[in-house]
1. Somewhere in the stretch 37-55, is a residue under 30 Å from S356 (Cβ atoms) and buried (at least 20 other Cβ atoms within 10 Å of the Cβ)?
2. Residue pairs, Cβ under 8 Å, 6 or more apart or interchain, first in the stretch 68-83 and assigned by TED's automatic domain parsing to the domain that holds R103 and closer than 15 Å to M101 by Cβ, second modelled with pLDDT under 95 and in a loop (DSSP other than H, G, I, E, B). List them.
3. State all residues of the stretch 342-370 that are hydroxyl-bearing (S, T, Y) and free of Cβ contacts under 8 Å to residues at least 40 places away in the same chain; if no residue qualifies, say none.
4. Across the stretch 42-56, what is the total count of residues that are touching a strand residue (DSSP E or B) at 6+ places or on another chain (Cβ under 7 Å) and either closer than 21 Å to G27 by Cα or not in a loop (DSSP other than H, G, I, E, B) (or both)?
5. Between a first residue in the stretch 195-224 that is within 25 Å of Y138 (Cβ to Cβ) and a second residue that is of a type in the set (S, T, Y) and not in a helix (DSSP H, G or I), which pairs have beta carbons less than 6 Å apart while being 6 or more apart in sequence or on different chains?
6. From D169, D252, grab the single residue that is among the acidic types (D, E), within 16 Å of I93 (Cβ to Cβ) and either surrounded by 13 or more Cβ atoms within 10 Å (Cβ to Cβ) or in the same structural domain as I284 (by TED's automatic domain parsing) (or both).
7. Say we look at the stretch 371-402 and pick out the residues that are among the polar types (S, T, N, Q) and in contact (Cβ under 8 Å) with a residue 60 or more places away in the chain; which of these is nearest to S40 (Cα to Cα)?
Amino acid sequence: MPGSLEGIRVVDMTTVLMGPAATQVLGDFGADVIKVEPLSGDTSRYVGDARHPGMSAGFLHSNRNKRSIALDLKSPQGRGALLKLVAGADVLIYNVRPDAMARLGLGQDKLKAANPRLVICGLTGFAEGGEYSGRPAYDDLIQALSGASALMAEMGDGEFRYMPVLVADRVTGLAAVNAVLAALLHRERTGRGQTLQVTMFETMVPFVLGEHMAGETFVPALGEMGYRRVLSKSRMAWPTKNGHIAAVIYNDKHWRNFFTAIGEPARVTDDPRLADIGTRTRHIEALYSELRGIFTTRTTSEWLVLLEQADIPAARVHTLRSLLDDPHLKTTGFFRTQAHPSEGVIRTMAPNGNWSETPPAIRRHAPRLGEHTREVLREIGYDAGEIETMIAAATAVAVPAFSNAQPAP
């Protein structure tokens, strides 16, 4: 079935994770995503486990549903090819800093002149006009600047650690998808393209402070910053007799049902700390600490049965490895094996959501560097001789193309 963005061409000048994660979603939605890489390739091609150089696991998970063209954008020939590509595109996404784009001869004026209807989305670390404008940004830096690592310190041993997922990259990538889709809708209504800037710092600060602005929301402040329930050191997957369990005992019904289930129904009315959600939140550290002790009295399986009967949300705790065997994900077909033309059988994850008319789908394998250089150059008007001249002059890189991968049996 066609995707929602069928007929939309996206020129993807992004590398590593933030940008590629965003453009992969657009590709899942049906857009024709053309990944423009330097001659050496996206650096994420070379990080982590790989069967062949340039095709790492991380790259495979962020670059499906794309075609790869490799150009030297510092050369007039490579720059000219990029501008021809842009002229027939709907969206350009880049995570090169704006001054670097200008030095390449790909500033806003050039791009708009090539295609006035183009939606141009720049992914950068910081908004223009501030103290940090133009600085390089990485996930670790943004976690530190946004206060995320301070939350980790408060929750743990006082060390300002980083969350062990690239949360700033992925959250900002999703923000970029939203921005691009809104700009495309605006263009459909008005016929006009526009320039967008989506920044990591300004995306992550509200992501963190949405819960933790707390008392400082009001002027003058009504209390301290920080959402106490979320910051409780005892908020965790609690240990049981033989493992761990995740349980959410949150609203009035949950607390009442929990103490009834363990044989202490009067506890909710007798303990003033449990009177309402505001009072519980003020005493949450002590309450969660007591829950931790209670959960050690039964096995995980016993708790799962008891909590289900009490209508309290609960789940087993996965490791990364056990997640692959999750029964729900198996039933829904979330993990899939696919025969990649050069990398053999690989495990992939399904695009998100169930759609009645235009479901996201995996239509293309993650490409080798320059796998589609010849194909794309032909589409934008280069003849065979011109293409081979560019390749011989090392202003473009091309490798033989493979057919699209089919699901493995």
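1. no
2. Every condition considered, the pairs that remain are L73/L104; L73/L106; K74/L104; R79/L104; R79/G105; R79/L106; L82/L106; L83/L106.
3. Matches in the stretch 342-370: S356 only.
4. 5
5. Close Cβ pairs (under 6 Å, with a partner that is of a type in the set (S, T, Y) and not in a helix (DSSP H, G or I)) amount to T199/T124; M204/S146; V205/S146; V208/S146; E211/Y227; H212/Y227.
6. Working: D252 fails: within 16 Å of I93 (Cβ to Cβ).
The match here is D169.
7. T395
To keep it simple, each residue is scored yes or no on (1) assigned by TED's automatic domain parsing to the domain that holds T300; (2) of a type in the set (K, R); (3) within 30 Å of T297 (Cα to Cα).
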{"site": "T199", "(1), (2), (3)": "no, no, no"}
{"site": "E202", "(1), (2), (3)": "no, no, no"}
{"site": "M213", "(1), (2), (3)": "no, no, no"}
{"site": "F218", "(1), (2), (3)": "no, no, no"}
{"site": "A221", "(1), (2), (3)": "no, no, no"}
{"site": "E224", "(1), (2), (3)": "no, no, no"}
{"site": "R229", "(1), (2), (3)": "no, yes, yes"}
{"site": "G243", "(1), (2), (3)": "yes, no, yes"}
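The values are calculated or read from the model by the stated rules, or taken from the named source; none is laboratory data. Just so it is clear, the model here is predicted, and its values are computed rather than measured. Note that we place each Cβ from the backbone using ideal geometry, even for glycine, and neighbour counts take in every protein chain shown.
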